[in-house]
1. Fully extended, how many nm does the chain gain between GLU124 and GLU274 (0.36 nm per residue separation, minus their Cα-Cα distance)?
2. Give me the extension gain from TYR260 to LEU90: residue separation times 0.36 nm, minus the current Cα-Cα distance, reported in nm with one decimal.
3. Around VAL165, which amide H atoms from residues at least 5 apart in sequence, or from another chain, sit under 5 Å from its own amide H, with H modelled in the peptide plane?
4. Quick one: Karplus J couplings for region 90-103, per residue in order, coefficients 6.51, -1.76, 1.60, θ = phi - 60°, nearest Hz, x for Gly and Pro?
5. Search the structure for amide H atoms under 5 Å from the amide H of SER208, placed 1.01 Å from N in the peptide plane, and list their residues when 5 or more places away or on another chain.
6. Taking only the alpha-carbon positions of region 75-140 and ignoring solvent, what does the Debye formula give for the base-10 log of I(q)/I(0) at q = 0.17 Å⁻¹?
7. Note the direction-averaged projected area, equal to a quarter of the hull surface, for the Cα convex hull of the chain, in nm².
8. Translational diffusion coefficient of region 183-296 at 20 °C, 1.002 mPa s, Stokes-Einstein with Kirkwood Rh over Cα pairs, in µm²/s as a whole number.
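The values are calculated or read from the model by the stated rules, or taken from the named source; none is laboratory data. These numbers come from a predicted model, not from an experiment. Heads up, the Cβs are rebuilt from the backbone with ideal geometry, glycines too, and the neighbour counts pull from every protein chain shown. Side chains included, ligands, DNA and RNA excluded: accessible areas come from the protein's heavy atoms. Shrake-Rupley method; radii C 1.70, N 1.55, O 1.52, S 1.80 Å.
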Amino acid sequence: MGAVSAAAMALVPAMASAQEVGRGHPEPGQFHLQESVTPIMDSIVAFHDGILMWTITLIVLFVLALLVVIVVRFNAKANPVPARFTHNTLIEVVWTVVPILILVVIAIPSFGVLSDQMTVPDGERKYLGANIFSLGEVEVPEASVTIKASGEQWYWNYEYVDQGVAFDSNILSEEEIAELKPGQPRLLAVNNELVVPVDTTVRLQVTSSPTGVIHAFAVPSFGIKVDAVPGRLNETWFNARETGIYYGQCSELCGKDHAYMPIAVRVVSAEEYEAFITAFAESRNYAEAAALLPAL
Ligand SMILES: [Cu+2]
(Lines give C-alpha, C1' and ligand atoms only; values in the text may rest on other atoms or scores of the structure.)
Protein backbone atom coordinates (compact mmCIF):
# COMPACT_ATOMS: atom_id res chain seq x y z
CA MET A 1 0.00 0.00 0.00
CA GLY A 2 2.79 2.39 0.96
CA ALA A 3 4.65 1.62 -2.26
CA VAL A 4 1.54 2.20 -4.35
CA SER A 5 0.81 5.57 -2.77
CA ALA A 6 4.47 6.57 -3.00
CA ALA A 7 4.43 5.71 -6.70
CA ALA A 8 1.22 7.68 -7.17
CA MET A 9 2.76 10.67 -5.42
CA ALA A 10 5.92 10.46 -7.53
CA LEU A 11 3.75 10.79 -10.64
CA VAL A 12 1.81 13.78 -9.39
CA PRO A 13 4.10 16.12 -7.43
CA ALA A 14 1.33 18.66 -6.87
CA MET A 15 -0.63 16.02 -4.93
CA ALA A 16 1.90 16.12 -2.17
CA SER A 17 0.80 19.49 -0.83
CA ALA A 18 -2.87 18.55 -0.98
CA GLN A 19 -2.44 15.61 1.42
CA GLU A 20 -4.19 15.59 4.75
CA VAL A 21 -1.39 15.50 7.28
CA GLY A 22 -1.30 15.44 11.02
CA ARG A 23 -0.14 18.39 13.04
CA GLY A 24 2.59 17.66 15.52
CA HIS A 25 2.58 13.89 15.14
CA PRO A 26 2.23 11.28 12.38
CA GLU A 27 -1.20 9.89 11.47
CA PRO A 28 -1.87 6.25 10.52
CA GLY A 29 -1.49 5.84 6.76
CA GLN A 30 0.18 9.23 6.35
CA PHE A 31 2.96 9.45 3.78
CA HIS A 32 3.68 13.12 3.34
CA LEU A 33 5.70 15.33 5.72
CA GLN A 34 4.12 16.52 8.95
CA GLU A 35 2.47 19.94 8.88
CA SER A 36 4.95 22.80 9.09
CA VAL A 37 4.77 25.44 11.83
CA THR A 38 8.19 27.09 11.41
CA PRO A 39 10.01 28.99 8.63
CA ILE A 40 12.61 26.21 8.40
CA MET A 41 10.02 23.48 7.88
CA ASP A 42 8.36 25.74 5.27
CA SER A 43 11.65 25.65 3.39
CA ILE A 44 11.97 21.89 3.72
CA VAL A 45 8.41 21.29 2.49
CA ALA A 46 8.93 23.69 -0.44
CA PHE A 47 12.21 21.94 -1.27
CA HIS A 48 10.60 18.48 -1.17
CA ASP A 49 7.33 19.29 -2.96
CA GLY A 50 8.96 21.58 -5.50
CA ILE A 51 12.36 21.00 -7.01
CA LEU A 52 12.95 17.52 -5.54
CA MET A 53 9.65 15.89 -6.59
CA TRP A 54 9.72 17.48 -10.05
CA THR A 55 13.33 16.47 -10.63
CA ILE A 56 12.91 12.84 -9.65
CA THR A 57 9.56 12.60 -11.47
CA LEU A 58 11.04 13.87 -14.75
CA ILE A 59 14.09 11.61 -14.39
CA VAL A 60 11.93 8.54 -13.72
CA LEU A 61 9.71 9.31 -16.74
CA PHE A 62 12.77 9.92 -18.94
CA VAL A 63 14.41 6.62 -17.93
CA LEU A 64 11.10 4.81 -18.40
CA ALA A 65 10.78 6.26 -21.91
CA LEU A 66 14.33 5.12 -22.74
CA LEU A 67 13.53 1.62 -21.52
CA VAL A 68 10.38 1.48 -23.62
CA VAL A 69 12.31 2.61 -26.72
CA ILE A 70 14.93 -0.08 -26.11
CA VAL A 71 12.33 -2.80 -25.58
CA VAL A 72 10.41 -1.86 -28.74
CA ARG A 73 13.22 -1.02 -31.15
CA PHE A 74 16.07 -3.25 -30.10
CA ASN A 75 14.49 -6.61 -29.34
CA ALA A 76 15.76 -9.65 -31.27
CA LYS A 77 12.82 -9.60 -33.68
CA ALA A 78 12.86 -5.89 -34.55
CA ASN A 79 16.67 -5.65 -34.64
CA PRO A 80 18.10 -9.08 -35.59
CA VAL A 81 21.63 -7.77 -36.38
CA PRO A 82 22.91 -5.63 -33.47
CA ALA A 83 25.42 -2.83 -34.02
CA ARG A 84 28.92 -3.60 -32.73
CA PHE A 85 30.20 -0.16 -31.58
CA THR A 86 30.88 0.34 -27.85
CA HIS A 87 31.66 4.05 -27.36
CA ASN A 88 30.16 7.41 -28.23
CA THR A 89 32.09 10.40 -26.93
CA LEU A 90 29.28 12.92 -27.27
CA ILE A 91 26.71 10.86 -25.34
CA GLU A 92 29.25 10.07 -22.61
CA VAL A 93 30.00 13.76 -22.12
CA VAL A 94 26.26 14.51 -22.04
CA TRP A 95 25.41 11.85 -19.44
CA THR A 96 28.23 13.09 -17.23
CA VAL A 97 27.63 16.82 -17.50
CA VAL A 98 23.81 16.90 -17.34
CA PRO A 99 23.57 15.07 -13.97
CA ILE A 100 26.25 17.41 -12.57
CA LEU A 101 24.18 20.43 -13.64
CA ILE A 102 21.04 18.91 -12.09
CA LEU A 103 22.90 18.34 -8.79
CA VAL A 104 24.25 21.90 -8.81
CA VAL A 105 20.74 23.30 -9.30
CA ILE A 106 19.48 21.17 -6.37
CA ALA A 107 22.49 22.04 -4.20
CA ILE A 108 22.00 25.83 -4.36
CA PRO A 109 18.66 25.99 -2.44
CA SER A 110 19.74 22.99 -0.34
CA PHE A 111 22.77 24.82 1.09
CA GLY A 112 20.59 27.90 1.59
CA VAL A 113 18.16 25.94 3.77
CA LEU A 114 21.02 24.28 5.64
CA SER A 115 22.64 27.59 6.49
CA ASP A 116 19.23 28.92 7.62
CA GLN A 117 18.90 25.96 9.99
CA MET A 118 22.37 26.47 11.44
CA THR A 119 22.22 30.26 11.85
CA VAL A 120 20.39 31.46 14.94
CA PRO A 121 18.43 34.65 14.10
CA ASP A 122 20.01 37.96 15.15
CA GLY A 123 16.95 39.97 14.17
CA GLU A 124 18.55 41.23 10.94
CA ARG A 125 19.20 38.15 8.82
CA LYS A 126 16.33 37.23 6.51
CA TYR A 127 15.31 33.61 6.04
CA LEU A 128 14.15 31.72 2.96
CA GLY A 129 10.83 30.42 4.30
CA ALA A 130 8.69 28.80 1.59
CA ASN A 131 10.53 30.64 -1.22
CA ILE A 132 13.78 28.66 -1.37
CA PHE A 133 14.99 30.38 -4.55
CA SER A 134 14.84 33.83 -2.96
CA LEU A 135 17.73 35.56 -1.23
CA GLY A 136 15.74 35.51 2.00
CA GLU A 137 12.49 37.33 2.62
CA VAL A 138 11.15 36.05 5.95
CA GLU A 139 11.94 38.18 8.96
CA VAL A 140 12.60 36.32 12.18
CA PRO A 141 13.02 38.07 15.55
CA GLU A 142 16.21 37.67 17.55
CA ALA A 143 16.34 34.60 19.79
CA SER A 144 14.92 35.45 23.22
CA VAL A 145 14.65 32.04 24.88
CA THR A 146 17.55 29.61 25.22
CA ILE A 147 16.96 25.94 25.89
CA LYS A 148 19.54 23.22 26.30
CA ALA A 149 18.33 19.74 25.40
CA SER A 150 20.53 16.95 26.68
CA GLY A 151 20.22 13.33 25.59
CA GLU A 152 20.35 10.93 28.53
CA GLN A 153 20.08 7.15 28.64
CA TRP A 154 17.19 7.01 27.70
CA TYR A 155 15.25 10.22 28.15
CA TRP A 156 15.73 13.94 27.58
CA ASN A 157 16.76 16.61 30.04
CA TYR A 158 15.75 20.20 29.26
CA GLU A 159 17.34 23.25 30.81
CA TYR A 160 15.96 26.79 30.62
CA VAL A 161 19.42 28.31 30.44
CA ASP A 162 18.43 31.91 31.31
CA GLN A 163 16.63 30.78 34.47
CA GLY A 164 19.02 27.95 35.30
CA VAL A 165 16.24 25.43 35.87
CA ALA A 166 16.02 21.97 34.36
CA PHE A 167 13.77 18.92 34.30
CA ASP A 168 13.68 15.38 32.91
CA SER A 169 11.20 14.25 30.29
CA ASN A 170 10.28 10.56 30.26
CA ILE A 171 8.02 8.48 28.02
CA LEU A 172 4.59 7.50 29.35
CA SER A 173 3.35 3.91 29.11
CA GLU A 174 -0.03 3.27 27.49
CA GLU A 175 -1.59 2.83 30.94
CA GLU A 176 -0.12 6.13 32.10
CA ILE A 177 -1.41 7.91 28.98
CA ALA A 178 -4.93 6.57 29.59
CA GLU A 179 -4.74 7.71 33.19
CA LEU A 180 -2.89 11.03 32.93
CA LYS A 181 -3.09 12.36 29.38
CA PRO A 182 -5.88 10.59 27.49
CA GLY A 183 -5.81 11.06 23.74
CA GLN A 184 -2.09 11.67 23.46
CA PRO A 185 -0.24 9.42 21.02
CA ARG A 186 1.40 6.23 22.30
CA LEU A 187 5.21 6.04 22.20
CA LEU A 188 5.28 9.85 21.86
CA ALA A 189 3.55 11.19 24.97
CA VAL A 190 5.83 12.15 27.87
CA ASN A 191 5.35 13.05 31.51
CA ASN A 192 6.94 16.52 31.22
CA GLU A 193 6.72 18.43 27.94
CA LEU A 194 9.19 21.12 26.98
CA VAL A 195 7.13 24.34 27.25
CA VAL A 196 7.96 27.21 24.88
CA PRO A 197 6.16 30.41 23.83
CA VAL A 198 4.49 30.83 20.42
CA ASP A 199 5.90 33.30 17.84
CA THR A 200 9.17 33.46 19.76
CA THR A 201 12.59 32.51 18.47
CA VAL A 202 14.05 29.78 20.63
CA ARG A 203 17.78 29.12 20.58
CA LEU A 204 18.14 25.37 20.99
CA GLN A 205 21.40 23.96 22.26
CA VAL A 206 21.70 20.21 21.88
CA THR A 207 24.17 17.99 23.66
CA SER A 208 24.38 14.65 25.40
CA SER A 209 25.22 13.45 28.88
CA PRO A 210 29.06 13.56 29.34
CA THR A 211 29.13 9.87 30.23
CA GLY A 212 26.52 8.95 27.64
CA VAL A 213 26.14 8.15 23.97
CA ILE A 214 25.22 10.05 20.80
CA HIS A 215 21.53 10.87 20.31
CA ALA A 216 19.78 13.25 17.91
CA PHE A 217 17.09 15.79 18.69
CA ALA A 218 14.42 15.90 15.97
CA VAL A 219 10.97 17.51 15.72
CA PRO A 220 9.53 17.09 12.20
CA SER A 221 6.96 19.93 12.36
CA PHE A 222 9.77 22.35 13.28
CA GLY A 223 12.18 21.03 10.64
CA ILE A 224 14.79 20.33 13.32
CA LYS A 225 17.27 17.47 13.45
CA VAL A 226 20.51 17.97 15.35
CA ASP A 227 22.98 15.46 16.74
CA ALA A 228 23.38 15.32 20.51
CA VAL A 229 27.05 14.51 21.10
CA PRO A 230 28.76 14.15 24.52
CA GLY A 231 31.14 17.07 25.08
CA ARG A 232 29.83 19.09 22.18
CA LEU A 233 27.23 21.85 22.12
CA ASN A 234 25.34 21.94 18.81
CA GLU A 235 22.98 24.77 18.12
CA THR A 236 19.87 25.38 16.06
CA TRP A 237 16.66 27.36 16.47
CA PHE A 238 12.92 27.37 15.86
CA ASN A 239 10.06 29.83 15.92
CA ALA A 240 6.69 28.06 16.07
CA ARG A 241 3.73 30.08 14.79
CA GLU A 242 0.96 27.90 16.24
CA THR A 243 0.25 26.60 19.70
CA GLY A 244 -0.08 22.88 20.29
CA ILE A 245 2.05 19.85 21.12
CA TYR A 246 4.69 18.84 18.61
CA TYR A 247 6.31 15.46 18.90
CA GLY A 248 9.65 14.13 17.78
CA GLN A 249 11.95 11.23 18.49
CA CYS A 250 15.59 10.50 19.10
CA SER A 251 16.99 10.12 15.59
CA GLU A 252 20.37 8.55 16.17
CA LEU A 253 20.47 4.85 16.98
CA CYS A 254 21.66 5.21 20.56
CA GLY A 255 20.98 1.98 22.43
CA LYS A 256 18.34 -0.29 23.85
CA ASP A 257 15.69 2.37 24.51
CA HIS A 258 16.35 4.48 21.42
CA ALA A 259 12.71 4.08 20.40
CA TYR A 260 11.44 5.06 23.86
CA MET A 261 12.84 8.55 24.39
CA PRO A 262 10.31 10.73 22.56
CA ILE A 263 10.43 14.51 22.40
CA ALA A 264 7.32 16.55 23.17
CA VAL A 265 7.33 20.33 22.77
CA ARG A 266 4.31 22.22 24.02
CA VAL A 267 3.90 25.62 22.35
CA VAL A 268 1.79 27.96 24.50
CA SER A 269 0.78 31.64 24.41
CA ALA A 270 3.24 34.27 25.66
CA GLU A 271 1.18 34.87 28.83
CA GLU A 272 0.94 31.17 29.62
CA TYR A 273 4.69 30.80 29.12
CA GLU A 274 5.41 33.77 31.34
CA ALA A 275 3.29 32.30 34.15
CA PHE A 276 4.89 28.89 33.70
CA ILE A 277 8.50 30.02 33.61
CA THR A 278 8.12 32.44 36.51
CA ALA A 279 6.61 29.71 38.67
CA PHE A 280 9.22 27.16 37.54
CA ALA A 281 12.15 29.52 38.21
CA GLU A 282 10.79 30.24 41.69
CA SER A 283 9.70 26.79 42.82
CA ARG A 284 12.12 24.69 40.70
CA ASN A 285 9.23 22.26 40.55
CA TYR A 286 8.13 21.43 37.01
CA ALA A 287 4.85 19.75 37.96
CA GLU A 288 3.78 22.74 40.06
CA ALA A 289 4.58 25.19 37.22
CA ALA A 290 2.99 23.03 34.51
CA ALA A 291 -0.21 22.86 36.58
CA LEU A 292 -0.68 26.55 35.78
CA LEU A 293 -1.06 25.73 32.07
CA PRO A 294 -4.49 24.82 30.65
CA ALA A 295 -5.27 21.10 31.01
CA LEU A 296 -4.38 18.95 27.99
CU1 LIG B 1 18.79 8.44 21.75
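1. In short, 51.5 nm is gained.
2. Fully extending the segment from TYR260 to LEU90 adds 55.7 nm.
3. TYR160
4. 4, 5, 5, 5, 4, 7, 9, 6, 4, x, 4, 4, 4, 5
5. Amide H neighbours of SER208, under 5 Å, 5+ apart: GLY151, VAL229, GLY231, ARG232.
6. Listed by q, the Debye log ratios stand at -0.73.
7. 20.8
8. Using the Kirkwood radius from Cα pairs, D works out to 143 µm²/s.
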